[in-house]
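> Got a structure here, written out as structure tokens. Questions coming.
Where a number appears in this text, it was derived from the coordinates with a stated rule and is not lab data. Fair warning: this is a prediction, and the values are worked out from it, not measured in the lab. Note: ideal-geometry Cβ built from the backbone for every residue, glycine included; neighbour counts use all protein chains shown.
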Amino acid sequence: MKNTVDKKQQILKSAIDLFNHTHDVKRVSLEAIAREAHVSPTTIYNYFGTRENLLYEVIKILVQENMESSRKLIHSNISFPEKLIGLTNVKLNLATNVNNEILDTLVTQDKSIAPFIDEIYQNEIRPLWQEIIAEGKKQGYVDASLDDETLLVYMDILKAGSVNIDALKNWSENMRLIQQLSHIVFYGFMKKEVDFFRKDDTSATG
């Protein structure tokens, strides 16, 4: 059993290495991955079935690694601004270091990967956002007059890319939610400025 797990992990590691060193993931064949992993193409088919399934497993690993980095940042003892800057850098590193085909699959939420992304969002990302929102309010960086529910709905809207979500279906019965969302859209939800691009450091050294 251990040998099976080790072999599967070796295939995934080899796939990630090859995907990260090419401009076109489609050019990376199962045969090339098999050579890199020191297994036969048949072994890859036995574990993953298709190249597409292997790609989805690679995406899951990258997302989970990204989540682990974000979780460590949020649970660290650094300041709230440093956490936001760190979270931004985690996203930028993913966008910079991951192949475009993988990013496109994530951004468009291909129907085969969408259930996994939704599960991660509901069970991990949303709770982490609740933690960072609470900390931001406590330290005076996030507008404490805004309800947590409103801020989470705003995050849901950003994820969905539209306002077609359950929380807004009965909007006329929840005008406070609509008013606060409107406030966020026009004025934002921060009360203190965070120096994301280290402008203070630049001016101090200039």
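> Counting pairs of alpha carbon atoms under 8 Å apart in space and at least six apart in sequence, what relative contact order in percent does the stretch 1-49 give?
35 percent
> With no solvent and one point on each alpha carbon, what is the Debye value of log10 I(q)/I(0) for the stretch 1-135 at q = 0.15, 0.17, 0.18 Å⁻¹?
So the normalised log intensities work out to -0.80, -0.96, -1.04.
> How many nm is it between the label spots at Gln122 and Lys192, if each spot is 7 Å from the Cα in line with the beta carbon?
3.6 nm
> Quick one: give the max-minus-min coordinate of the C-alpha atoms of the stretch 1-49 along each principal axis, largest first, in Å.
Cα spread of the stretch 1-49 along its principal axes, largest to smallest: 35, 17, 16 Å.
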